[in-house]
Structure formats: C-alpha cells, structure tokens
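The values are calculated or read from the model by the stated rules, or taken from the named source; none is laboratory data. These figures come from a predicted structure and were not determined experimentally. Here the Cβ positions follow ideal geometry from the backbone for every residue, glycine too, while neighbour counts run over all protein chains shown.
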Amino acid sequence: MRFYEYEAKALFQKHGLPLGQSKLIDNSSGAPNQARAAFKSLDCGPVVLKSQVLSGGRMKAGAVQFADTADEAGEAAKAILPIEVNGQKCRSILVEEKTPIEQEYFVAITWDGRAKRPVCVFSDMGGIDIEEVAEKNPEHVSKTHFSSILPLTPRIAKEAVGATGVSGSDLNKLAPIVFKLMQIFLKYDLTLAEINPLAKLKDGRFLVLDGHIDMEAEARGNHKALLDELGIGDEETRQGRPPTEFELAGARVNAADHRGVAGNVVEFDGNLGLVIGAGGGSLTLFDAIRDHGGEPANYCEIGGNPSMSKAKELTKLILSKPGVEKIAVMMNVVSNTRVDIVARGVIKGCLEAGKDPAETIAIFRIPGAWEEEGFKILEKYGVDYCDRTVSMYDAAGRAVAKMQS
Amino acid sequence: MPGEFIDIRVDAKVAKNATLARKLAEICPVSIFISPDEGSGDGIAIDESNLDECVLCDLCLQAAPKGKIKIVKLYE
C-alpha cells in the first residue's frame, strides 16, 4: 500500500528525520491562492511545488515546478492541477522550500526475497535511477542485509553508508538517518522505505527531499493508529491506479467484518468471477485461469477463515459485475480457513443474487479444514467440487472448460 | 429469516430460563443467542440472521442441559 510523498514525510518527521519546511495545499480551484499564501508563510525564498500522486515520472510530466515568487507559485499550482501522471490525478500539492544542494544520496530499505531478509541499498549517487547507477557505477551502490529478528544496531547503517566510500563527518551524519529509516521499515511492516534524494546542502546539513513508503497491505490492521493519524481511510486501496467502484466495494466488504480476509479485489474485463486465495494461491490460480485461456473478471484474496457473511458478500459483489456468468471458488490446501463456512458463504451469495449455485459455481476446489462438512453442503446444492487430488491448475482448467462449453 | 444451512432448536422446558439465555449469549462466538439484557425478552432468543454463521463449536450444547438445545444441519 503506497503512501503519498506528504504522508511518507509526515512519518519521517514523526521519527525525527530532517525535512525542509513545507505546506500542503489541496486540489481545489483555490489551489493557486493557497500556493501564493504558502509561499508567503514559508518565507524561505524559492520553492518547489510537487503534485501528490502515487506514481513516479512527476518531473517529466510537468507535475513538479519551481517558483521564485508568490505569483509564480500560484501559476505553478494552476499548471500542476490538471496534469495526470500515469493516469493519477493530482491529490494535493506539496509546496516545499527549494534548498541549495551540494550532493544527492539514495537510500532504500526493502525485502530481499531470495535472502529472506531486509536489505539496505545505499548510494552516494542519488537523485537518479538507482538501477542505472548500479549498472554503470556499481562501486557507488552498497547492499547491506540485516535481520528482522535480532536487535538492530547503528553499526549496520554505518556499514551500509561506509561501503560506498563515504567517510568522516558525512558518514557520521548520514548513518543515523539510514538507521532511523531501517527502524521505521521494521516498526511499520513496510515493504519499501526509500529516500531519494537524500541531500547534502551547501551548509553541510542533510535533508530528506523526497520519500517513498509502501506498507504491507496485510499489516494495515496492525497500524490503524498510524493510518488514522495520516488520514488514510480503510476504503483507500492505494493501487497503482485509482480504484474502480467495484474495487472500492470489495474493500468495504473486507473492512466491514474483522473475521478473515475477503478482499484485495482487483477488477479485470473477463467473465469468470474468482473467489480465490490461500498462501499464494490467488496468484497461482489467477495465472492458471489465464493459462487455460480463461478471462478472469477479477482478482481477489480470501483466507484467514472469513465468516460466512464475508464470503457471501464477496460472492454477491463479484456476481453483480456485468458480464460475470460464473464464479470459480478455489484455494490452496487450507488449514486456517473452514471449507464448510466458505461453502455456505458462496452458496448463500449465489442464492441471494438470485442464481442457482449449481449453475453459477463452475468449480469449488478448497481442500482442508472441515472439508467433509463442506462437501456435504456442496453436494446438497449440486455444486461441482474437487478435493486435493485435483491440482489447482487442473481445477482452473475445469472452470475454464465450463465457460467455453 | 431462518438459516439456510443451520437451525437451532430450543426445548420449551428451558426456553424461559433467563440464566441459561445469558450464558448462551456470552459463550456463542458468532452471536446467535441474544441476551435478555439486550431487550430480547426473558428467555432464550435467537438472532436468525446469524444462524448460518454457526461454526458448530457445540459450546451451546455443553452449556445447556443435555438434549435441550439441538443444532440441525439443514444440508444433511
């Protein structure tokens, strides 16, 4: 789940990272006046105005502009407002002091899936594409793994910075910033905490000029206090594009009941609705449907033992999508989700949608806890089901075959 | 609206037992039973809209005198 830059910076500020002065203005028609007022109240000379979008490429799109006077700030805000960056509309504009930069650094903390540990990527060549730096100047990029279990010590951060040849006073000033970023990463279950650029100013100070935060979506519940503090509502899915009404409805289904997960709904154009999940099962099953030539109407994730009503509401939502003729209910082998409860939910969802479960559910493949009870329910309603002897791939094939028959 | 999958039947002999009614409301993990303290009357009351949430934990069967509460699986 992505954060806007201003939210990332609010989080950084909460943890004492050095930031320039800034004001956030909204995206209303009054934004130019607000920008003029912000320029005056900041009283710091030239400013930079940055459109708040969940996408890179702002500078290239003209959504980042500079202003030396209050009137220029107003004009810049007016110009930025209508600009869409990769399909993202301007949510608000951050007016920030423009600072004289001596050098730019890059630091990002993320997960290294292969190493199964967090990794700190640091470079003394920030401000530009880090992949390009890694390719052309690998000696200027360090990768330092650390533990998410053992206590974190400042030494790790110092190693990460020092590995690129930074030394002396700069090393001593940079390492605490990198260390705090590591702490933030771990504390809030982030998948990415990035500062680029992290600038050294001509007066020797260091400032965070831009930040990028991604939080693990499943961790939202654990960090509700922070999200509330930042004004991030449950309904905000924060995908790479604005959510559709269908996706927002999916988020509401998930948020309405704390029991289990039945959400992360993503809308597609196909005609086969998917109720899928379990330990990576969603991605596997989605791909399997496509590999068999099927056209998914949606992606979603169910698991963690959703209640009957949660499974029912998700089913009803998917069946309400125009063009959806059937649904495939499939999961990996489950130990923490009740097969019978999901069976009840999807059947009741069909019934409440005015559809015959036997005709509507193309395949039910959820093996695991309470499956015998679940199979009794499925048999009563004439739903085609299979157990773990049928692979997820083959079950997906059976669903697609029914769509094509 | 009765359940599609589950029905719960209460013997008339315990239906007016307010103490049991409170106990059932306390232990049911999916709020099928309503406590008399919530204005449901002086005996055992059932929220029919929650019947299909029953997780078959049998806690209600254990709390009540033997045979006085029955969980009926309508799909069997």
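Taking only the stretch A:338-357 into account, find how many residues are surrounded by fewer than 24 Cβ atoms within 10 Å (Cβ to Cβ) and in contact (Cβ under 8 Å) with a residue 60 or more places away in the chain. Here the count works out to 0.
Within the stretch B:1-42, how many residues are of a type outside the set (F, W, Y) and part of a loop (DSSP other than H, G, I, E, B)?
Residues meeting the conditions: 21.
Any chance the stretch A:173-188 includes a residue that's assigned to a strand (DSSP E or B), assigned by TED's automatic domain parsing to the domain that holds A:I213 and not hydroxyl-bearing (S, T, Y)? No - not one qualifying residue is present in the stretch A:173-188.
The residue pairs whose first member lies in the stretch B:56-76 and is within 14 Å of another protein chain (Cβ to nearest Cβ) and on the phi < 0 side of the Ramachandran plot, whose second member is surrounded by fewer than 16 Cβ atoms within 10 Å (Cβ to Cβ) and part of a strand (DSSP E or B), and whose beta carbons are closer than 8 Å, counting only pairs six or more residues apart or on different chains, are B:V72/B:R9.
In the set (1) surrounded by 15 or more Cβ atoms within 10 Å (Cβ to Cβ); (2) farther than 28 Å from A:N27 by Cβ, the condition left unmet by A:G113 is number (1). Scanning the stretch A:301-350 for residues that are outside any helix (DSSP H, G or I) and either among the small types (G, A, S) or within 14 Å of chain B (Cβ to nearest Cβ) (or both) yields A:G303, A:G304, A:N305, A:P306, A:S307, A:S320, A:G323, A:A328, A:S335, A:N336, A:T337, A:R338. If you filter the stretch A:1-54 down to residues that are among the charged types (D, E, K, R) and in a strand (DSSP E or B), you find that the one that is farthest from A:G211 (Cα to Cα) is A:D26. Scanning the stretch B:29-47 for residues that are surrounded by 13 or more Cβ atoms within 10 Å (Cβ to Cβ), within 14 Å of chain A (Cβ to nearest Cβ) and in contact (Cβ under 8 Å) with a residue 24 or more places away in the chain yields B:V30, B:I32.
If the condition is being over 29 Å from A:R2 (Cα atoms) and polar (S, T, N, Q), then the stretch A:34-73 contributes A:S41, A:T69.
On the basis of being over 26 Å from A:A311 (Cα atoms) and out of contact with any Leu (no Cβ under 7 Å at 6 or more places or on another chain), does B:A25 make the cut? No. Just checking, how many residues over the stretch A:208-225 are part of a loop (DSSP other than H, G, I, E, B) and surrounded by 17 or more Cβ atoms within 10 Å (Cβ to Cβ)? So the count comes out to 2. Within the stretch A:359-381, the set of residues being away from chain B (no Cβ under 12 Å) and assigned to a loop (DSSP other than H, G, I, E, B) comprises A:I366, A:P367.
Among the residues of the stretch A:76-88, those that are surrounded by fewer than 17 Cβ atoms within 10 Å (Cβ to Cβ) and in a helix (DSSP H, G or I) comprise A:K78, A:A79.
Answer with yes or no whether A:V333 is in contact (Cβ under 8 Å) with a residue 40 or more places away in the chain and surrounded by fewer than 20 Cβ atoms within 10 Å (Cβ to Cβ). It is true that A:V333 is in contact (Cβ under 8 Å) with a residue 40 or more places away in the chain and surrounded by fewer than 20 Cβ atoms within 10 Å (Cβ to Cβ). Listed by first and then second residue, the pairs with beta-carbon distance under 8 Å, at least 6 apart or on different chains, first residue in the stretch A:258-277 and within 20 Å of A:R365 (Cα to Cα) and part of a loop (DSSP other than H, G, I, E, B), second β-branched (V, I, T) and at pLDDT 95 or above, are A:N271/A:V324.
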